[in-house]
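One structure below.
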Amino acid sequence: MDRNSSNHPNNRAGERPHEYRAHERSSQNGARRRPEQAHAPRADYGAAARPSRAVGQTPAAPQGSRRKLAFALVALIAVLAVVVVLRVAVAAPGQGSGDAASTSAQVSAQGGFDSQGSRASDGDVTTVKTSAGALSTTRSEADRSATSDSDNGYDAKPDEKTVYLTFDDGPSANTDKILEILDRYGVHATWFVVGTSSHLDSIKKIWDDGNQVGLHSQTHDYSTDYATESSYEQGLETLAGEVDQRLGFKPTVIRFPGGSKNSYDGKVADGAIQAVSAAGLHYFDWNVENGDATGNNLPVAKLVANVEKEAAGDNSCCVLMHDLESKSTTVEALPQIIQYFIDQGYTFDVLTASSCGYHF
Ligand SMILES: [Zn+2]
């Protein structure tokens, strides 16, 4: 950015206001003189008049102006001398030809690295190491609500060890507790929300905290969702409208109730997948579960053990959990599950329309 060498004298001069002003004053004087001397008619401002004015500039500035010109020349030499001195002073050790501008760019980049712990940032996406020791990715609202043309069923899994914590069926009376735990660790998760939840207004807080809000089902009634190949997709339109009212956009990130292929949608599964895909929606299954779908308030140790067993050996994990009032031990197990992924060196991220689908 500042590498244009023509910027250097100005930058350096800015650090030496004295010399800069001297130089500036002399050129301002010169600029002021011209109209006084010329008092030229309007035609003088025409293109044809310019060359003669440029050529005549030096002769038209006789006597004292020669002294000013010399003064300006001396000031310019002083400025250049300062530039040379500064370049030598700022150059990094061992960098004989260290460029002052690029060195300061490195310093500011390193400053960001130190103060924010930033590992990677492209403006919309930033990954930091949180005070709890978690590698955590934060995505802008634009990035989270972005759509994608890709068929994420074929997207490759992330290169780095990545974990996506996902919560189905909420929001619920437990949502605030889950958000508090995520906040404590500085990590984010993805919610797949249900239209019949009496806590739908919580999606605003979920979203504002940097988490992802996706669609699960309007009714979460298998017989309604999977009545025909298109009924699930049609039901999502109502739910998308609910989210739109609160967040200002319609999510394209979705999860089928029971997953994309389950015991309830056998006859319509392929058609339902085609219907959501044709509507520009991206569906996500999972490859790890804490097992809370199999019963209410399962022992915390069991939930944690399920995750550790299923995550073992997986470079990237999409973890299925549930945000329901009846699943309180899911909340209690969450800190241990997060700590497990921290200890294993995973980066926490949220699902977007461009993420891997973890399809069954
Ligand atoms: Zn569900």
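Below is a table of values for the structure above.
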{"quantity": "Net +/- balance of residues flanking Ala311 in space, Cβ distance below 13 Å, scoring K and R +1, D and E -1", "calculated": "-3"}
{"quantity": "Distance (nanometres) between label positions extended 7 Å along Cα→Cβ at Thr238 and Asn296", "calculated": "2.5 nm"}
{"quantity": "Over 20 Å between alpha carbons, listed pairs Lys177/Lys250; Lys161/Lys250; Lys129/Lys161", "calculated": "Lys177/Lys250; Lys161/Lys250"}
{"quantity": "Gain in span if fully extended, Ser326 to Lys204, counting 0.36 nm per residue against the direct Cα distance", "calculated": "41.7 nm"}
{"quantity": "Per residue accessible area in Å² of segment 303-360, where ligands, DNA and RNA are left out and the probe is 1.4 Å", "calculated": "33 Å²"}
{"quantity": "Efficiency of FRET between Thr228 and Ser131 - r from beta-carbon atoms, R0 41 angstrom, step 0.05", "calculated": "0.25"}
{"quantity": "Spin-label zone in segment 124-151 - amide nitrogen under 17 Å from a point set 7 Å from the Cα of Ser277 along the C-beta vector", "calculated": "148-151"}
{"quantity": "Integer Hz, Karplus 6.51/-1.76/1.60 couplings in order for segment 329-343, x for Gly and Pro", "calculated": "6, 4, 5, 5, 7, 4, x, 5, 5, 4, 4, 4, 5, 4, 4"}
{"quantity": "Within segment 120-348: Cβ-based charge dipole about Cα centre, in debye rounded to nearest 20 (Lys, Arg +1; Asp, Glu -1)", "calculated": "400 debye"}
{"quantity": "Between segment 308-356 and segment 181-202, the alpha-carbon center distance in angstrom", "calculated": "14 Å"}
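The values are calculated or read from the model by the stated rules, or taken from the named source; none is laboratory data. Note that the structure is predicted; figures quoted are calculated from it, not measured. Reconstructed Cβ throughout: ideal geometry from the backbone, glycine too, with neighbour counts over all protein chains shown. To get the accessible areas, we keep the full protein, side chains included, count just its heavy atoms, and leave off ligands, DNA and RNA. Shrake-Rupley method; radii C 1.70, N 1.55, O 1.52, S 1.80 Å.
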